[in-house]
Amino acid sequence: MTQVFDVEHVLAQLTLEEKASLTSGSDFWHTEPVERVGVPAIMVADGPHGLRKQAETADHLGLGSSVPATCFPPAAALGSSWDVDLVRRVGEALGRETRANGVAVLLGPGVNIKRTPLCGRNFEYVSEDPVVAGELATAMVGGIQSQGVGTSLKHFAANNQESDRMRVSADIDERTLREIYLPAFERVVTQAQPWTVMCAYNRLNGTYASEHHWLLTELLRDEWAFEGLVVSDWGAVHDRVPALAAGLDLQMPASGAGSDEAVVAAVRDGSLDEAVLDVAVRRVLRLIERSQPTLAEGGTFDVDAHHALAREAAAAGSVLLKNEPVKDTPLLPLTGPFAVIGEFARTPRYQGAGSSQVNPTKLDDALSSLGSDVPFAPGFTIAGGPTGDDDALLAEAVDLAGSAQTVVLFLGLPAPDESEGYDRPRLGLPDNQVAALRAIAAANPRVVVVLANGSAVAVSDWQHLAPAILETWLGGQAGGSAVADLLRGVRTPSGKLTETIPHRIEDTPAFGNFPGEVGHVRYGEGVLVGYRWYDTRAMDVAFPFGHGLSYTTFAYDDISATETSVSVTVTNTGPVAGAEVVQVYVRDPESSVLRPTRELKAFGKASLAPGESRTLTFELTRRDLSYWHPGLHRWVVEGGEFVVEVGASSRDIRGSVSLQVEGDPLWGELTAMSTIAEWFAHPVGGPLLQSVLTLPDDMPPTDETVQAMLASMPAKVLVTFGMTDFTLQELDALVAKVAAG
Ligand code: BGC
């Protein structure tokens with residue numbers, strides 16, 4: 001068994017040069033060993049939905065080969081399951097494969113918020129909502145780390161696009177950061193303590209994440225009490241010394257000539273405190289040390305069992321968008337004979353491109369999974385071949401459609417449309433596929449569309465042509481068999497949308513502020529991201545956040561709520577077993593700041609047999625009612641009415657409860673420039689000012705207009721306008737008196 005070393009003992013023995021060397025990689029995937037004192041190198045590997053262990057080659061774009069590993073559904077699909085228990089089990093399986101391959105840290109999960117459907121890497125991220133992303137990633141981290149290997153929560157923070165990702169400054173106001181872009185990280189860090197956090201490539205408000213002291217130290221360590229190690233994204237460090245000073249511990253990959261020397265020189269000339277370097281080295285040593293027992297033990301994994309789990313997960317993450325009756329009967333599940341059309345049925349699109357690309361242990365396609373006797377036509381080329389080729393394929397497909405009872409048409413985004421490293425060019429499906437759908441639907445209106453794409457695609461131009469649509473996202477290596485299970489009714493769809501499907505790109509929150517210009521992307525939509533935008537602006541969408549149908553139906557009864565808990569009884573009222581994702585939203589109808597119309601605060605999934613009921617209860621905290629006050633720099637609850645809503649989607653609220661909630665003290669420090677309203681809201685300053693304030697005779701203080709006008713007037717201006725006998729000196733004295741308490 002490998003010797004587990006004593007971190008402090010080793011640290012005390014290291015030379016300055018050895019310390020510097022430990023804070024960057026030795027090659028693409030390994031840390032630096034220090035054999036002299038018995039410190040081995042450890043290996044890290046991508047992530048997030050399968051192990052990408054490169055044996056011989058090394059790259060971060062998924063180009064070189066890697067050892068076979070289970071390709072579980074990427075986060076877009078897995079997240080759509082909203083199933084914490086399932087995600088944890090997938091995490092455990094990932095952990096088993098990681099340890100069996102002698103890898104210490106799996107580089108994932110990613111919890112960046114889907115700010116726009118065009119982000120090329122959305123398939124690796126969970127949701128447009130921080131609670132969904134945070135809860136599911138917490139389960140994933142817990143599952144992986146239960147196997148004695150580490151995770152890397154990425155990309156911290158505000159890496160919401162691929163365009164210019166290595167340089168762009170995400171310019172985000174404080175409240176938006178706190179409410180939208182940070183909470184998923186916060187939840188995972190505080191609840192699951194990932195072994196590592198990976199800092200992003202981009203800049204945040206002008207400073208590279210790798211050199212961002214507030215982000216890496218004040219927030220992550222001091223506020224959230226992160227205990228692990230901060231590793232850079234591959235190549236995200238530009239200047240090692242300020243990065244170490246900001247709180248970055250390990251630069252990956254290897255740093256190149258002269259870089260360790262620069263760290264040594266900085267310590268020698270006093271510009272970097274050796275104690276700061278020691279902190280980073282200690283964390284690197286601790287990471288190596290904690291991985292040793294597992295790496296010594298190793299392990300194995302059951303390829304077939306993991307494939308079966310991947311199949312279960314792909315089915316659970318597929319979302320039945322619509323299933324309208326045709327002559328009284330919905331097309332799904334399939335009951336009679338059917339034909340399959342679409343190249344994707346036999347050439348599955350099951351994962352995205354880039355560093356997350358896994359070499360799967362097996363690969364199911366839907367066509368073989370549906371049975372060898374099913375009639376099939378490819379219908380189109382995925383790449384959108386020369387018109388002649390596609391015309392011939394389509395003619396054959398239309399013939400087949402005309403003679404079939406029902407058509408299952410597999411559509412999706414071609415692989416080059418979405419990838420790490422660049423953003424999507426458009427929201428829609430390729431023209432040749434939409435043209436194929438039109439021609440096929442004209443020949444046979446009984447069309448079920450099965451979609452494969454890593455983030456929302458526009459459906460509004462064509463969805464009326466398909467009575468049923470099943471969104472499978474990118475389903476991983478068992479996506480093909482999972483879709484066959486769903487189509488045939490072997491399993492019942494239970495996934496729901498973790499991202500809104502908008503009508504048009506022009507409707508999306510970031511439109512106009514994406515992908516930015518001249519090195520900056522301004523998050524101008526503020527907190528109105530995803531459904532927060534569409535719901536607050538009362539905009540029509542194709543399919544709302546949280547939406548997803550089943551082959552059965554669910555009733556919601558006995559909805560009740562207090563400030564600390566919500567409860568609802570859900571009953572399966574239909575003919576088959578199924579699972580329902582129940583969502584709890586909170587709304588603050590009246591607030592002095594803009595609050596989104598509704599915000600998700602909790603969710604749960606209940607699997608129910610026909611006729612079965614279950615009561616779900618959810619915890620609510622003060623934080624769930626609060627907003628981030630950028631003036632006070634803390635969470636505040638503004639007193640008054642709150643509405644707790646329980647729904648099947650953000651647009652299918654089944655019941656709500658109104659609560660009266662006592663607010664937090666909202667006053668800040670008073671100055672001469674504080675407004676009259678701010679003075680009057682202050683428990684000490686209010687009565688003081690009231691007792692000395694005089695107004696001209698024609699301005700009766702009881703008059704509503706006078707009150708409204710004065711409310712937003714700074715106290716000082718009242719004086720300089722000569723509207724009161726009060727002097728500036730007296731006002732300053734009042735300010736001092738309030739400050740003294
Ligand atoms: C990606 C990371 C990945 C790393 C190593 C980077 O380009 O952004 O997500 O873990 O490469 O492959």
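The values are calculated or read from the model by the stated rules, or taken from the named source; none is laboratory data. Quantities reported herein were computed from a predicted structural model and do not represent experimental measurements. Glycine gets a Cβ as well: all are built from the backbone with ideal geometry, and neighbour counts include every protein chain shown. For the accessible areas, the whole protein counts, side chains as well, though only heavy atoms, and no ligand, DNA or RNA atoms are used. Shrake-Rupley method; radii C 1.70, N 1.55, O 1.52, S 1.80 Å.
Note on the stretch 87-125: among residues that are of a type in the set (A, V, I, L, M, F, W, C) and open to solvent by 10 Å² or more (accessible area, probe 1.4 Å), the one that is nearest to Ser66 (Cα to Cα) is Ala100. Residues in the stretch 140-169 that are under 30 Å from Leu625 (Cβ atoms) and open to solvent by 10 Å² or more (accessible area, probe 1.4 Å): 2 in all.
Applying a threshold of 9 Å to beta carbon distances and a minimum spacing of six or more residues, or different chains, the list of pairs starting in the stretch 294-320 at a residue that is under 26 Å from Leu486 (Cβ atoms) and part of a helix (DSSP H, G or I) and ending at one that is of a type in the set (Lys, Arg) and open to solvent by less than 10 Å² (accessible area, probe 1.4 Å) is empty. Within the set Ala55, Ala45, the sole residue that is assigned to a loop (DSSP other than H, G, I, E, B) and either within 11 Å of the ligand (Cβ to nearest atom) or open to solvent by 10 Å² or more (accessible area, probe 1.4 Å) (or both) turns out to be Ala55.
Suppose we filter the stretch 667-694 for residues that are touching a Phe, Trp or Tyr at 6+ places or on another chain (Cβ under 8 Å), in a loop (DSSP other than H, G, I, E, B) and exposed (fewer than 14 other Cβ atoms within 10 Å of the Cβ); how many remain? Count: 2.
Condition check ((1) more than 16 Å from the ligand (Cβ to nearest atom); (2) modelled with pLDDT under 95; (3) touching a Gly at 6+ places or on another chain (Cβ under 9 Å)) across all residues:
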position	(1), (2), (3)
Thr2	yes, yes, no
Pro33	yes, no, no
Pro40	yes, no, no
Leu61	no, yes, yes
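Evaluated against (1) under 22 Å from Val141 (Cβ atoms); (2) more than 27 Å from the chain's Cα centre (by Cα), Ser65 falls short on exactly one condition, (1). Collect the residues in the stretch 160-218 that are among the basic types (Lys, Arg) and in contact with a helix residue (DSSP H, G or I) (Cβ under 8 Å, 6 or more places away or on another chain), keeping them in residue-number order. Once the filter is applied, which keeps residues that are among the basic types (Lys, Arg) and in contact with a helix residue (DSSP H, G or I) (Cβ under 8 Å, 6 or more places away or on another chain), the stretch 160-218 yields Arg187, Arg203. Residues that are within 16 Å of the ligand (Cβ to nearest atom) and out of contact with any helix residue (DSSP H, G or I) (no Cβ under 7 Å at 6 or more places or on another chain) within the stretch 121-152 comprise Arg121, Ser152, listed in sequence order. No other residue among Asp697, Asp664 is assigned to a loop (DSSP other than H, G, I, E, B) and open to solvent by 70 Å² or more (accessible area, probe 1.4 Å) apart from Asp697. Evaluation of Ala280 against the conditions (1) closer than 17 Å to Leu16 by Cβ; (2) not in a helix (DSSP H, G or I) shows that the sole unmet condition is (2).
If you take just the strands (runs of 3 or more DSSP E) that sit entirely in the stretch 134-235, which of them hold at least 1 residues that are in contact with a Lys or Arg (Cβ under 6 Å, 6 or more places away or on another chain) and not assigned by TED's automatic domain parsing to the domain that holds Asp423?
On the way: elements: 150-156, 169-171, 196-199, 229-232.
Correct list: 169-171, 196-199, 229-232.
For the stretch 153-177, taking the residues that are acidic (Asp, Glu) and away from the ligand (no atom under 15 Å from the Cβ), the one that is nearest to Gly526 (Cα to Cα) is identified as Asp173.
Taking the stretch 63-72 as the range and being open to solvent by less than 10 Å² (accessible area, probe 1.4 Å) and either within 15 Å of the ligand (Cβ to nearest atom) or in a helix (DSSP H, G or I) (or both) as the test, only Ala69 passes. Among residues that are in contact (Cβ under 8 Å) with a residue 60 or more places away in the chain and either in a strand (DSSP E or B) or open to solvent by 60 Å² or more (accessible area, probe 1.4 Å) (or both), Val527 is not included.
Can you name every residue in the stretch 93-116 that is out of contact with any strand residue (DSSP E or B) (no Cβ under 8 Å at 6 or more places or on another chain) and either among the basic types (Lys, Arg) or part of a loop (DSSP other than H, G, I, E, B) (or both)? Answer for the stretch 93-116, where residues must be out of contact with any strand residue (DSSP E or B) (no Cβ under 8 Å at 6 or more places or on another chain) and either among the basic types (Lys, Arg) or part of a loop (DSSP other than H, G, I, E, B) (or both): Arg96, Arg99, Ile113, Lys114, Arg115, Thr116. Filtered by the rule that a residue be open to solvent by 10 Å² or more (accessible area, probe 1.4 Å) and among the charged types (D, E, K, R), the stretch 129-139 gives a lone residue, Glu135. Within the stretch 355-381, the set of residues being crowded, with 21+ Cβ neighbours inside 10 Å and among the β-branched types (Val, Ile, Thr) comprises Val358 only.
Out of Lys327, Lys322, one residue alone is over 30 Å from His30 (Cα atoms), open to solvent by 20 Å² or more (accessible area, probe 1.4 Å) and away from the ligand (no atom under 16 Å from the Cβ). It is Lys327.
Determine whether the stretch 499-506 contains at least one residue that is in a helix (DSSP H, G or I) and open to solvent by 10 Å² or more (accessible area, probe 1.4 Å). Yes - at least one qualifying residue is present in the stretch 499-506. Scanning the stretch 101-120 for residues that are within 14 Å of the ligand (Cβ to nearest atom) and within 9 Å of the chain's Cα centre (by Cα) yields Gly110, Val111, Asn112. Residue check: Phe301 meets all listed conditions (1) within 16 Å of the ligand (Cβ to nearest atom); (2) at pLDDT 95 or above but one, namely (1).
Looking only at residues that are of a type in the set (D, E, K, R) and out of contact with any Ser or Thr (no Cβ under 6 Å at 6 or more places or on another chain) in the stretch 642-661, which one is surrounded by the fewest Cβ atoms within 10 Å (Cβ to Cβ)?
Asp652
If you go through the stretch 73-93 and pick out every residue that is within 16 Å of the ligand (Cβ to nearest atom) and either closer than 20 Å to Ser481 by Cβ or aromatic (Phe, Trp, Tyr) (or both), you end up with 2.
Residue-wise test of (1) of a type outside the set (S, T, N, Q); (2) over 30 Å from Ser560 (Cα atoms); (3) free of Cβ contacts under 8 Å to residues at least 24 places away in the same chain.
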site	(1), (2), (3)
Glu669	yes, yes, no
Asp697	yes, yes, yes
Gln707	no, yes, yes
Ala711	yes, yes, no
Leu718	yes, yes, no
Thr724	no, yes, no
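Sort out which residues of the stretch 190-203 are farther than 24 Å from Met43 by Cβ and away from the ligand (no atom under 16 Å from the Cβ), and write them in order of number. Write out each step before concluding.
Residues of the stretch 190-203 that are farther than 24 Å from Met43 by Cβ, as a first pass: 190-191, 202-203.
If the condition is that a residue be farther than 24 Å from Met43 by Cβ and away from the ligand (no atom under 16 Å from the Cβ), then Thr190, Gln191 are the ones that fit.
Candidates in the stretch 216-238 are the residues that are surrounded by fewer than 21 Cβ atoms within 10 Å (Cβ to Cβ) and away from the ligand (no atom under 16 Å from the Cβ); of these, the one that is farthest from Gly25 (Cα to Cα) is Glu223.
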